[in-house]
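This report concerns only the one structure given below.
The values are calculated or read from the model by the stated rules, or taken from the named source; none is laboratory data. As the structure is a computational prediction, the values presented were derived from the model and not from experiment. Every residue, glycine among them, receives a Cβ derived from its backbone with ideal geometry; neighbour counts consider all protein chains shown.
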Amino acid sequence: MTLPYPHEVVRTLEFIAALCNGRRAGELESAASLRRLCAEWGFPGASGASRADAAATWGRIPLIEAMWDAERDTAAAMANRVFRESDARPHLVRHDGLDWHLHGLFAGAPLADAIAVDTAMAFVDLVRADDTARCKRCGDDRCERMFFDRSRNRSRRFCSTTCQSRTNVAAFRSRTTAA
Ligand SMILES: [Zn+2]
Ligand SMILES: [Zn+2]
């Protein structure tokens, strides 16, 4: 289905979920791993990311996760704080075959700020649409990976089919043992 958001908003939310999940899983430690992730997701301005950029980015993860888990009003306040602290300058750009879209900072801004501001900009759309509940964590409590629920009625519960079937199997086993 088509969500009422620009494509790049959904991509940003899925990118930050991959960033936080990867960091939590210990897959993101080095600057190279951060550069690779950004390249995979097409997050711009990361090809020269240094160790300091990586450290600053890891430093923003608790805030991003808190925004992900927050209620709507809290998410709004957090997004505003990011805009203030990063001195955001929203402007429209068209580049690399991408049609007009919003950038929050000018080129050359620190990567960690760019990630935080893009996150906050994505939350602007979710807050306005009262749709922050699409930012979820996997229903399998051994997993808890972040994922963006694209389903029409916001009914998705698991990060992957693996977690879904593992949980179904466990539920089936507990039902059959109880019987
Ligand atoms: Zn762009
Ligand atoms: Zn999961």
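For segment 106-150, which residues satisfy the criterion of being modelled with pLDDT of 95 or more, within 16 Å of ligand 1 (Cβ to nearest atom) and farther than 15 Å from Leu13 by Cα?
Leu111, Asp113, listed by residue number.
Does any residue in segment 148-160 that is on the phi < 0 side of the Ramachandran plot and surrounded by 13 or more Cβ atoms within 10 Å (Cβ to Cβ) come within less than 7 Å, Cβ to Cβ, of a residue that is of a type in the set (Gly, Ala, Ser) and part of a loop (DSSP other than H, G, I, E, B) six or more places away or on a different chain, and which pairs are these?
Partner pairs satisfying both residue conditions: Arg157/Gly139; Phe158/Gly139.
Just to be sure, is Arg94 under 18 Å from Thr12 (Cα atoms), loosely packed, with under 14 Cβ neighbours inside 10 Å, among the charged types (D, E, K, R) and within 16 Å of ligand 1 (Cβ to nearest atom)? First the steps, then the outcome.
On the way: under 18 Å from Thr12 (Cα atoms): yes; loosely packed, with under 14 Cβ neighbours inside 10 Å: yes; among the charged types (D, E, K, R): yes; within 16 Å of ligand 1 (Cβ to nearest atom): yes.
When the stated conditions are applied, Arg94 passes them.
From the residues in segment 37-55 that are surrounded by fewer than 16 Cβ atoms within 10 Å (Cβ to Cβ) and among the charged types (D, E, K, R), which one is farthest from Leu13 (Cα to Cα)?
Arg51
Answer yes or no as to whether Asp87 is acidic (Asp, Glu), within 16 Å of ligand 1 (Cβ to nearest atom) and surrounded by fewer than 17 Cβ atoms within 10 Å (Cβ to Cβ).
Numbers: acidic (Asp, Glu): yes; within 16 Å of ligand 1 (Cβ to nearest atom): no; surrounded by fewer than 17 Cβ atoms within 10 Å (Cβ to Cβ): yes.
Taking the combined requirement at face value, the residue does not satisfy it.
Starting from segment 116-145, take each residue that is within 15 Å of Asp69 (Cβ to Cβ) and list its partners that are among the basic types (Lys, Arg) and in a helix (DSSP H, G or I), counting only C-beta distances under 8 angstrom and pairs at least six apart or across chains.
Taking only residues 6 or more apart or on different chains, the pairs are Leu126/Arg134; Val127/Arg72; Thr132/Arg72; Arg145/Arg24.
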